[in-house]
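Chemist: Before we start, here is the structure in question, set down as structure tokens.
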Amino acid sequence: MSTRAARAWQRMLSGRRLDLLDPSPLDVEISDIAHGLARVARWNGQTRGDHAFSVAQHCLVVEEIFRRCNEPCTAEALQMTLLHDAPEYVIGDMISPFKSVVGGDYKAVEQRLEAAVHLRFGLPPHPSRELKALIKKADTIAAFFEATELAGFSVAEARKFFGQPRGITCDMLPIEPMPATEAQQRFLDRFHEIEAERAADKRASKAS
């Protein structure tokens, strides 16, 4: 009988080797996150269009909603919003009904990955309770539009699960499914835009 230990790490295209159970911030690269999220489908791939609606594109939609609903807000808050589903570049996008079945083990892995990602980019390990609630609100609004525009839900059905969005309309959002390479690049571009804002905020803070 083999006594070889089970492999608990993932090799990334950057060359990094990420331990899934004890992830180190040193093994996290934004290029790997963008590549992975752009190839993970929301709604288990059950969406309309020629391309899957990716988690990378979903993150862009949520960040857009968050920014519109919470102006003015800090660049740090925007970055944590953009990265709110970053662990899924490793563990995939498990739909909510199944998450509730799997329970605490999945959540624990997700939390460790979130902390590693945040620390890699100089963010707090986890958002504050208040920020987490605001991100969740933006995420729920995004889910409503994804459900009705892409995933075959009626408006009435989506309202029951996600509520009725106020102040945000579908035409404000990049909801049309993109090719993976486009979603990947847009995610990277937005990440670097926010990083530039964070750097400017730090310089301004030091100068004051």
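The values are calculated or read from the model by the stated rules, or taken from the named source; none is laboratory data. Values in this document were obtained by computation on a predicted structure and should not be read as measured data. Here the Cβ is made from the backbone with ideal geometry for all residues, glycine too, and neighbour counts use every protein chain on show.
Chemist: For the list (1) part of a helix (DSSP H, G or I); (2) more than 17 Å from Leu150 (Cα to Cα); (3) at pLDDT 95 or above; (4) among the aliphatic types (A, V, I, L, M), I need the number of the one condition that Val101 fails.
Modeler: Only one criterion is unmet by Val101, namely (3).
Chemist: Looking only at residues that are among the β-branched types (Val, Ile, Thr) and buried (at least 23 other Cβ atoms within 10 Å of the Cβ) in segment 12-54, which one is farthest from Ala183 (Cα to Cα)?
Modeler: Checked segment 12-54; the qualifying residue farthest from Ala183 (Cα to Cα) is Val28.
Chemist: OK, next. Quick one: is Leu18 within 30 Å of Leu150 (Cα to Cα) and touching a strand residue (DSSP E or B) at 6+ places or on another chain (Cβ under 8 Å)?
Modeler: Taking the combined requirement at face value, the residue does not satisfy it.
Chemist: Still on this structure, I have one more. Tally up the residues in segment 162-183 that are polar (S, T, N, Q) and crowded, with 20+ Cβ neighbours inside 10 Å, please.
Modeler: The qualifying residues number 0.
Chemist: Then there's this: Grab the helices (runs of 4 or more DSSP H) fully contained in segment 127-208, keeping just those with 1 or more residues being in contact with a Pro (Cβ under 6 Å, 6 or more places away or on another chain).
Modeler: By residue number, 129-149.
One line per residue, one yes/no per condition, for (1) in a loop (DSSP other than H, G, I, E, B); (2) of a type in the set (A, V, I, L, M); (3) modelled with pLDDT under 95:
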| position | (1), (2), (3) |
| --- | --- |
| Ala34 | no, yes, no |
| Val61 | no, yes, no |
| Leu78 | no, yes, no |
| Val109 | no, yes, yes |
| His118 | no, no, no |
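Chemist: Here's another thing I want to ask about it. Applying the selection to segment 30-51, what residues are within 11 Å of Tyr89 (Cα to Cα) and aromatic (Phe, Trp, Tyr)?
Modeler: Across segment 30-51, there are no qualifying residues.
Chemist: Please enumerate the residues belonging to segment 31-59 that are out of contact with any helix residue (DSSP H, G or I) (no Cβ under 6 Å at 6 or more places or on another chain) and among the hydrophobic types (A, V, I, L, M, F, W, C).
Modeler: Within segment 31-59, Ala41, Trp43 meet the criteria.
Chemist: When both residues are 6+ apart or on different chains and their Cβ atoms are under 6 Å apart, which pairs have a first residue that lies in segment 69-88 and is closer than 13 Å to His118 by Cβ, and a second that is assigned to a loop (DSSP other than H, G, I, E, B)?
Modeler: The qualifying pairs are Met80/Leu123; Met80/Pro127.
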